[in-house]
1. For residues in the stretch 5-64 being among the hydroxyl-bearing types (Ser, Thr, Tyr) and in a loop (DSSP other than H, G, I, E, B), which is nearest to the ligand (Cβ to nearest atom)?
2. So, in the stretch 206-221, exactly how many residues are over 18 Å from Ser244 (Cβ atoms) and near the ligand (Cβ under 9 Å from one of its atoms)?
3. Give the residue, chosen from Thr91, Thr53, Thr87, Thr47, that is polar (S, T, N, Q) and touching an Asp or Glu at 6+ places or on another chain (Cβ under 6 Å).
4. Which one is nearest to the ligand (Cβ to nearest atom), of the residues in the stretch 65-118 that are under 18 Å from the mean Cα position of the chain (by Cα), charged (D, E, K, R) and surrounded by fewer than 24 Cβ atoms within 10 Å (Cβ to Cβ)?
5. Inspect all residues belonging to the stretch 214-232 and state whether any of them is of a type in the set (Gly, Ala, Ser) and farther than 21 Å from Ala145 by Cα.
6. Looking at the stretch 224-242 only, could you name the residues that are within 16 Å of the ligand (Cβ to nearest atom) and either open to solvent by 20 Å² or more (accessible area, probe 1.4 Å) or acidic (Asp, Glu) (or both)?
7. When both residues are 6+ apart or on different chains and their Cβ atoms are under 6 Å apart, which pairs have a first residue that lies in the stretch 164-180 and is touching a residue at least 60 places away in the same chain (Cβ under 8 Å), and a second that is near the ligand (Cβ under 10 Å from one of its atoms) and among the polar types (S, T, N, Q)?
8. Inspect all residues belonging to the stretch 52-61 and state whether any of them is in contact with a Lys or Arg (Cβ under 6 Å, 6 or more places away or on another chain), closer than 22 Å to Met229 by Cα, acidic (Asp, Glu) and touching a residue at least 24 places away in the same chain (Cβ under 8 Å).
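The values are calculated or read from the model by the stated rules, or taken from the named source; none is laboratory data. No experiment lies behind these values; they were computed from the predicted model shown. Cβ: placed from backbone, ideal geometry, glycine included. Neighbour counts: every protein chain shown. Surface areas here come from the heavy atoms of the whole protein model, side chains and all, with no ligands, DNA or RNA. Shrake-Rupley method; radii C 1.70, N 1.55, O 1.52, S 1.80 Å.
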Amino acid sequence: MSIAPALPSASEITDLRALARALAVEAGAVVRGGRPDRVEVAATKSTDVDPVTAMDRSVEELLRRRIADRRPDDAILGEEGDDVAGTSGLTWVLDPIDGTVNYLYGVASYAISVAVVAGDPDPAVWTPLAGAVHSVVDGATWTGARGQGAERDGTPVQVRRPDSLATSLVGTGFGYQAAQRAEQARVLTHVLPQVRDIRRLGSAAVDLCLVAEGRLDLYYERGLNPWDMAAGGLIAAEAGAAVSGLHGDPATRRMTAVGTPARQAELVALLEEAGA
Ligand code: IPD
């Protein structure tokens, strides 16, 4: 059993948010300035359609160097590198480019996601403290800090509150494994007839921020990695969203369902009925 961590003070959390924002914005400038006309795939990960680019690697290295300088006692969990242990009880959770397939093709939705969590760096038990998502193409930066709200470029954001599931715009995403995609497509046939429409934009981190600012009403996905959801999940929660899994579980790789509480509960019920 993990022991609840002692959380930093509110002013320390404010400072962590500022650092997360600064790191995401600096990394975003590198990605924006360094994108070649044709991006090459450097390697593949879980399957042949799960790409890594040279930029994913170099930006994660930059973020790791900055964190080692500024917060040498903190641990690091990043999408593209080995876990770094720490002694402070805090872990930085990094996605150097969330939406790598969009980056590869030059489709607009891709972002740097930087979060810091307390406790085991596992979405089932962690306590997210602060996070930032920087959208590379349009330069928007969303931030959130535990108990201190969520902002886009310094302006507070709040979730939209649609009257019904039927009028809710729902974002989702698909994993990289064929069998998982077949199952996601099956679940989608239960959801799509019940909602306003579906969006698959390609960056879970951005999608969660779009829920936070009311440009999506709901979001769900099975299979999200900790780095896909750490910052965006906190930002959505701080903007008034419920963030959970199914059957009373926390949001994890098993399922992440996010949105204004009444509609999110209806979506969770629908996903449970669909056997998601
Ligand atoms: C992916 C994106 C995508 C989501 C996938 C993620 P990546 O992250 O967030 O929207 O549907 O599940 O793996 O691979 O671009 O970092």
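1. Applying the filter and picking the extreme gives Ser46.
2. Total meeting the criteria: 1.
3. Exactly one of Thr91, Thr53, Thr87, Thr47 is polar (S, T, N, Q) and touching an Asp or Glu at 6+ places or on another chain (Cβ under 6 Å), namely Thr87.
4. Glu79
5. Filtering the stretch 214-232 down to residues of a type in the set (Gly, Ala, Ser) leaves 214, 223, 230-232.
The next check asks that each one be farther than 21 Å from Ala145 by Cα; those that pass are 223.
Yes; the residues of the stretch 214-232 include at least one that is of a type in the set (Gly, Ala, Ser) and farther than 21 Å from Ala145 by Cα.
6. Residues satisfying the conditions are Asn225, Trp227, Asp228.
7. Tyr176/Ser46
8. No, every residue in the stretch 52-61 fails to be in contact with a Lys or Arg (Cβ under 6 Å, 6 or more places away or on another chain), closer than 22 Å to Met229 by Cα, acidic (Asp, Glu) and touching a residue at least 24 places away in the same chain (Cβ under 8 Å).
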